[in-house]
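Below is one structure, written out as structure tokens; comments come after it.
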Amino acid sequence: MEACLVDVSPILGDLGATVVVSGELQVDDLTVGAEEFIVRGPAKYEITVTHTGTAIVAYGGVSLPTVATCARCLCEFPLDINGEVEGFYVFPGKDSDVPEEQEVEYINSDETVDLAPAMLAALVLDAPFAPLHAEDCAGICLECGADLNEGTCGCGRGDGAPGHPFSALRTLVDQDSAGSSQ
Ligand SMILES: [Zn+2]
Ligand SMILES: [Zn+2]
């Protein structure tokens, strides 16, 4: 991943001063757990960088167009990942006032900060563990591999088809809920 350097020298001398940066950044394909998100284009970001006194704080949004693989039916589908960027930067050796739980990065000696790691962290955080191409994706038949989004399969083991081990159970549940409403 390339760096996204922002020159903070104009706001370093001025408490409360802000600079808004926006643009595009080339990002590598994301791997989060077992899922891979293939990048379709550059990440777009808009981030406000503020001098708060103790630190330089970056806050904003980043959006990355990807192609994800559905965890149920294994089809590929376009997915935009939208992350909330938070960065906290101090001068080396000036982090004694900073709360311990705060993750800290350092202001470079040329008075720039690199927003790229905070953007990547935000994207990874927003990437779903089990992406679904649709909330109600029916998945594939575990027996024959047919895509059940296209209808029940011929092997008789697909979800909802006669002979499914849970279909008898479902009938029981339906009867039960009908009975309780009386
Ligand atoms: Zn699916
Ligand atoms: Zn089947």
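Odds and ends about this structure:
- When LEU132 is tested against (1) open to solvent by 90 Å² or more (accessible area, probe 1.4 Å); (2) at pLDDT 90 or above; (3) aliphatic (A, V, I, L, M); (4) in a loop (DSSP other than H, G, I, E, B), only condition (1) is not met.
- Given (1) in contact (Cβ under 8 Å) with a residue 12 or more places away in the chain; (2) within 17 Å of CYS4 (Cα to Cα); (3) part of a loop (DSSP other than H, G, I, E, B), number of the condition LEU74 does not satisfy: (2)
- Residue that is closer than 25 Å to GLY13 by Cβ, open to solvent by 60 Å² or more (accessible area, probe 1.4 Å) and not charged (D, E, K, R), where the choices are PRO78, PRO92: PRO92
- Selection count, the range 96-120, where residues are closer than 27 Å to ILE81 by Cα, at pLDDT below 95 and in a loop (DSSP other than H, G, I, E, B): 4
- Filter result for GLY16 (under 27 Å from LEU148 (Cα atoms) and exposed (fewer than 12 other Cβ atoms within 10 Å of the Cβ)): no
- Only a single criterion out of (1) under 21 Å from GLU105 (Cα atoms); (2) open to solvent by 40 Å² or more (accessible area, probe 1.4 Å) is not satisfied by ASP28, namely (1).
- For the range 60-71, the criterion of being of a type outside the set (Lys, Arg), farther than 30 Å from ASP147 by Cα and open to solvent by 50 Å² or more (accessible area, probe 1.4 Å) is met by none of the residues.
- For the range 47-70, the count of residues that are within 16 Å of ligand 1 (Cβ to nearest atom), of a type outside the set (Gly, Ala, Ser), part of a loop (DSSP other than H, G, I, E, B) and out of contact with any Lys or Arg (no Cβ under 9 Å at 6 or more places or on another chain) is at least one.
The values are calculated or read from the model by the stated rules, or taken from the named source; none is laboratory data. For clarity, every value in this text was computed on a predicted model and none was experimentally measured. Neighbour counts are summed over all protein chains in view; Cβ atoms, including those assigned to glycine, are modelled from backbone coordinates with ideal geometry. With ligands, DNA and RNA removed, areas are computed over all heavy atoms of the protein, side chains included. Shrake-Rupley method; radii C 1.70, N 1.55, O 1.52, S 1.80 Å.
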